[in-house]
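A short worksheet on the structure shown next.
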Amino acid sequence: MGWATKKSRRWELSKLGWTFASILLFIPHIHPFVMMSQATKSKVRAWYALAWVLLLGEIGLMYAFYIFWGALSQGMLLTIGGFLTSYIVGNGLLLRQAKSYLQRLELAEVRPLTWIDSVGKQRQLELAQRAMETPQTFISKLLYYKKEINNKSIQNHVDSIVRLFQLLEKKDTQEAERFLVRHGTVVNILREYDALENTRLHNTVTMESRKKLEGVIAQAASAIEMDVTNLIKSRLLDVSAESEVYIQTLKNRNLLKDE
């Protein structure tokens, strides 16, 4: 388990190699290129735009050095100050986005990434979508993707999830709503798998991505089964304790004889 992901710490450190190199390498500044590379790999537009701003700033500083070189003027002092500020700000931004960058790379191993405006906006969008999710829409989406997806194994897993969720919903609607918060991501995974199927591509990338998503869905079905089982077990324990209290009350009132 790593600091920011479920991958190993060695994996995380290997992915941040250029970030550390940028911090250690004071001259020349490479943080704009590192950020640009990370933005491309993680497909975050805000980081890509910021990388260009930093790069243009570096070009401006290099031009200022060229203009003021040879004289310790106020312009040269301001340029040196800008150079130091650029180093601190640029590498600070790389460290700040390191966690989100690693999480995006981890996600890329499960499904192909699509370009997003920013990590913050994407999280807000996902939270809003989850907030709008209801048991009815959740079931409808599961059944829709079961019909659209051709993989028989995934169809069986979806059947299992639907059956377990409906069982839970009948017993406790509030717990069913909490279930959506814990397992609502299943719909997103099915959506991604359906999109991969619709590409009708059978190259190494798509086949590996589909295989990984199949594994995630299988694990999700197993986890959901365990989740529902634990909830039922907890409820049975509560009922058992309540029954014992009830029987004891009847005995105390001489309404029931000891066996």
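The values are calculated or read from the model by the stated rules, or taken from the named source; none is laboratory data. All figures in this text were calculated on a predicted structure; none of them were measured in a lab. Backbone-built Cβ (ideal geometry, glycine too); neighbour counts: all protein chains shown.
A few points about this structure:
- Against the list (1) over 21 Å from Asp117 (Cα atoms); (2) touching an Asp or Glu at 6+ places or on another chain (Cβ under 8 Å), the condition Pro32 fails is (1).
- Considering Leu102, Leu113, the condition of being surrounded by 14 or more Cβ atoms within 10 Å (Cβ to Cβ), in contact with a Lys or Arg (Cβ under 7 Å, 6 or more places away or on another chain) and farther than 17 Å from Arg45 by Cβ is satisfied by Leu102 alone.
- Total residues in the stretch 36-62, condition assigned to a helix (DSSP H, G or I), touching a residue at least 24 places away in the same chain (Cβ under 8 Å) and closer than 18 Å to Lys121 by Cβ: 6
- Within the stretch 69-90, being of a type in the set (Gly, Ala, Ser), at pLDDT below 90 and either touching a helix residue (DSSP H, G or I) at 6+ places or on another chain (Cβ under 7 Å) or in a helix (DSSP H, G or I) (or both) holds for one residue alone: Gly75.
- Qualifying residue in the stretch 168-185 (condition: of a type in the set (S, T, N, Q), surrounded by 13 or more Cβ atoms within 10 Å (Cβ to Cβ) and without any contact (Cβ under 8 Å) to a residue 40 or more places away in the chain): yes
- The stretch 1-23, subset more than 19 Å from the chain's Cα centre (by Cα) and polar (S, T, N, Q), residue surrounded by the fewest Cβ atoms within 10 Å (Cβ to Cβ): Ser14
- Any hit, the stretch 153-167, residues being outside any helix (DSSP H, G or I) and more than 18 Å from Ala218 (Cα to Cα): no
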